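Worksheet: the structure to be examined is printed underneath.
The values are calculated or read from the model by the stated rules, or taken from the named source; none is laboratory data. All of these numbers come straight from a predicted model, not from anything done at the bench. So basically every Cβ, Gly included, is an ideal-geometry build from the backbone, and we count neighbours across all protein chains shown. Just the protein is used for accessible areas: all its heavy atoms, side chains included, with ligands, DNA and RNA removed. Shrake-Rupley method; radii C 1.70, N 1.55, O 1.52, S 1.80 Å.
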Amino acid sequence: SPIIEIKNLTKTYKNGVEFNALDSVNLNIERGEFIAIVGPSGSGKSTLMHLIGLLDTPSSGTLLIDRNDVTKMSDKELSEIRNRTLGFVFQYHHLLPDFTALENVMMPLLISGKKKKGAREIAEKLLKEVGLEEKMDHRPNELSGGQNQRVAIARALSCSPSIVLGDEPTGNLDTKTGGMIYELLRQLNREYNQTFIVVTHSESLASKADKIIRLVDGKITVQ
Ligand code: ADP
Ligand code: ADP
């Protein structure tokens, strides 16, 4: 069965007038798929990512992650699923400035209860994987934008999430660097068979995905 099943998912905001930022979206995502989400600014991309990421709750509809109906869960259960199942990469890397690349990647592992030695081994392996073997002891201000985004990707993968969510992970990078970061995500997706859902403004990057989801005015347009 699909790892993510979305039925009639709607998110309504009330700013004086009521409107649907997401309007009755139906979508199934299979395990291991690499999905690109595209659409104009304001079309609901971030809203959809926030709902799938359990950072926000829908107004109506159902969202199943790994067959669990997350719309029926308590905050505690949601944060457990978030920590166990989901990894996040955002437009800005949000690394902790006073910590090295290695420490930033170790952090979620330590928080989840891993011992220091085991956390270090996993973080080192991931930083090698993203091409930062030589930079593990550098802090964010000693690294380039692309390198920091690589650290953020390693951090997102640290707790072996089955779903990785990228909300414009290449949006703050020049075209060439963004292309390389996107290629890295694609390569990690193939290697680990994790499900990737990535928002991008670039049609050429989106075309490398297994499937493109197009949003317009909170609705998925026919593919
Ligand atoms: P996108 O990511 O495609 O640019 P968003 O999901 O951020 O689109 O936003 C979809 C629509 O919902 C936009 O019109 C946006 O202004 C509105 N919106 C998003 N978040 C909120 C919020 N917290 N409160 C009110 N309106 C919101
Ligand atoms: P993105 O660049 O990823 O589309 P946005 O700049 O649209 O993100 O939104 C950034 C944050 O602000 C999100 O958490 C979104 O929910 C919130 N937001 C967006 N539009 C509005 C709005 N009109 N009112 C309140 N919050 C909003």
Boolean, S79 is more than 16 Å from ligand 1 (Cβ to nearest atom), open to solvent by 30 Å² or more (accessible area, probe 1.4 Å) and in a helix (DSSP H, G or I): yes
All positions within the stretch 1-27 that are of a type in the set (K, R), touching a residue at least 24 places away in the same chain (Cβ under 8 Å) and within 13 Å of ligand 2 (Cβ to nearest atom): K11
Considering residues of the stretch 28-58 that are free of Cβ contacts under 8 Å to residues at least 40 places away in the same chain and assigned to a loop (DSSP other than H, G, I, E, B) only, the residue farthest from E183 (Cα to Cα): T57
Criterion violated by S112 - all others in (1) loosely packed, with under 12 Cβ neighbours inside 10 Å; (2) in contact with a Cys (Cβ under 8 Å, 6 or more places away or on another chain) satisfied: (1)
Some residue of the stretch 126-145 being in a helix (DSSP H, G or I), in contact (Cβ under 8 Å) with a residue 60 or more places away in the chain and in contact with a His (Cβ under 9 Å, 6 or more places away or on another chain): no
Residue list for the stretch 187-216, restricted to those being under 16 Å from the mean Cα position of the chain (by Cα), buried (at least 17 other Cβ atoms within 10 Å of the Cβ) and away from ligand 2 (no atom under 16 Å from the Cβ): L188, N189, Q194, T195, F196, A209
Candidate set from the stretch 59-75 (those that are in a loop (DSSP other than H, G, I, E, B) and touching a Ser or Thr at 6+ places or on another chain (Cβ under 7 Å)); member that is farthest from ligand 2 (Cβ to nearest atom): R67
Condition check for S43: open to solvent by less than 20 Å² (accessible area, probe 1.4 Å) and within 16 Å of ligand 2 (Cβ to nearest atom): yes
